[in-house]
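Working notes for the structure below.
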Amino acid sequence: MEMLKRYEKNPILKPIKDHAWESERVFNCAVTYENGKIHIVYRAQDENGVSRLGYASSTDGYSIEERLDNPIFVPSNHREAFGCEDPRITKIGNDYYMCYTAYGKVRRWRKIDSKTRLAQVGITSISVEDFLNKTWNWRKRVYPFPDVDSKNCVLFPEKFGDKYAVYHRIPPHIWIAYSNNLEDWSESYHKIVMRPEEKWECRKIGAGAPPIKIDKGWLFVYHGVDENFTYRLGIALIDPENPEKVLKSKKPILEPKEDYEKNIVFSCGAIVLDGKLYVYYGADDTVIGVATAEVSELLSMFEK
């Protein structure tokens, strides 16, 4: 039995044919809660398959009240030539840090290799004030693991000791890395923290939404892919003081079964409001839905 309950009017966001940049697909979105609104930064694709990021918002978490006509974040260099994908947003102080997948070309021997495509982690930031004012002054784009086949990166909102931490996926596992300053990860200690173990996640796993702090530790939505390339969502509980200690769910909390989901449910954003987890997910890499569950019910999955 699934733990997450779908919103009955899903999907909440669909492509807009009259907007070339989001005419084919809208999916895989980051979310953040600020000033009484849920802010949604979503991935959109044009007819050529290039991904850009758009913005929408909701007061009740379900109904979309505002949606911008133009993208808020677009590819800017060879590392992103084929798109900026799958954003995840973490608030630290007065800034939002956005991890995303930079899908582009690689540089070899000082030349751009136009034939080789690579997905790697990108990180940028913006002040909360600029974000809320829709002044899209994104700061420097950092590629923490240059030319490494890695994606599904999430940033913890708090330090562990004196270091920031991210989870990222080098297939098929979820790895942890640390940094003193959110830019230089070259001296990082890398370690596998989550491995595929269950049949529904046997091919690979990856981070979903950034970890959410709760009384019991950190609540973490992740995805698993089975041998038929069906994507499901799972839940994990991370130790409050040691992000290398993780309890994974045995069973998925959401799996594709609706017509609009086909064989993919994939999340990049979730929030907890009044004890309820709201999970925003891409369905069939085409539309966006939302599903919810009481946090107390999810924690029961980890009781012995």
**Complete:** How many residues of the range 48-79 are at pLDDT below 95 and either crowded, with 16+ Cβ neighbours inside 10 Å or within 16 Å of the chain's Cα centre (by Cα) (or both)? The answer is 1
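Scan the range 1-47 for residues that are among the hydrophobic types (A, V, I, L, M, F, W, C), surrounded by 14 or more Cβ atoms within 10 Å (Cβ to Cβ) and part of a loop (DSSP other than H, G, I, E, B) and report the count.
Taking the range 1-47 as the starting set, the residues that turn out to be among the hydrophobic types (A, V, I, L, M, F, W, C) are 1, 3-4, 12-13, 16, 20-21, 26-27, 29-31, 38, 40-41, 44.
From the residues that got through so far, the ones that are surrounded by 14 or more Cβ atoms within 10 Å (Cβ to Cβ) too are 3-4, 12-13, 16, 21, 26-27, 29-31, 38, 40-41, 44.
Add one more test, that the residue is part of a loop (DSSP other than H, G, I, E, B), and what stays is 3-4, 12, 16.
Total meeting the criteria: 4.
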**Message:** Can you find, within the range 137-184, the residue that is farthest from the chain's Cα centre (by Cα) among those that are closer than 20 Å to Leu237 by Cα and open to solvent by 70 Å² or more (accessible area, probe 1.4 Å)?
**Reply:** Gly161
**Prompt:** Would it be correct to say that Gly224 is over 21 Å from His173 (Cα atoms) and in contact with an Asp or Glu (Cβ under 9 Å, 6 or more places away or on another chain)?
**Reply:** no
**Request:** Hey, could you check the range 86-107 for residues that are crowded, with 23+ Cβ neighbours inside 10 Å and of a type in the set (Ser, Thr, Tyr) and say which is farthest from Gly206 (Cα to Cα)?
**Result:** Tyr96
**Item:** From the options Arg88, Arg79, residue that is within 20 Å of Asp285 (Cβ to Cβ) and either in contact with an Asp or Glu (Cβ under 8 Å, 6 or more places away or on another chain) or in contact (Cβ under 8 Å) with a residue 24 or more places away in the chain (or both)
**Value:** Arg88
**Complete:** Of those in the range 262-278 that are among the β-branched types (Val, Ile, Thr) and closer than 18 Å to Ile238 by Cα, the residue least open to solvent (accessible area, probe 1.4 Å) is Ile271
**Request:** Of the numbered conditions (1) more than 30 Å from Thr116 (Cα to Cα); (2) touching a helix residue (DSSP H, G or I) at 6+ places or on another chain (Cβ under 8 Å); (3) of a type in the set (Gly, Ala, Ser), Gly54 fails exactly one; give the number of that condition.
**Result:** (1)
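If you check Asp113 against the conditions, is it among the acidic types (Asp, Glu) and at pLDDT below 95?
On the way: among the acidic types (Asp, Glu): yes; at pLDDT below 95: yes.
The answer is yes for Asp113.
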**Request:** Quickly run through the range 180-198 and pick out the residues that are in a strand (DSSP E or B) and modelled with pLDDT of 95 or more.
**Result:** Ile192, Val193, Met194
**Prompt:** Would you say Leu298 is open to solvent by less than 10 Å² (accessible area, probe 1.4 Å) and part of a helix (DSSP H, G or I)?
**Reply:** yes
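Taking into account only those residues within the range 185-225 that are of a type in the set (Asp, Glu) and in contact (Cβ under 8 Å) with a residue 24 or more places away in the chain, which is surrounded by the fewest Cβ atoms within 10 Å (Cβ to Cβ)? Steps first, please.
So in the range 185-225, the residues of a type in the set (Asp, Glu) come out as 187, 197-198, 201, 215.
From what is left, the residues that are in contact (Cβ under 8 Å) with a residue 24 or more places away in the chain are 197-198, 201.
Numbers: Glu197: 12, Glu198: 16, Glu201: 24.
Checking each candidate, the answer is Glu197.
The values are calculated or read from the model by the stated rules, or taken from the named source; none is laboratory data. In this text, all values refer to a predicted model and were calculated from it rather than measured experimentally. Cβ coordinates were reconstructed from backbone atoms using ideal geometry, including for glycine residues, and neighbour counts include every protein chain displayed. Heavy atoms of the whole protein, side chains included, go into the accessibility calculation; ligands, DNA and RNA do not. Shrake-Rupley method; radii C 1.70, N 1.55, O 1.52, S 1.80 Å.
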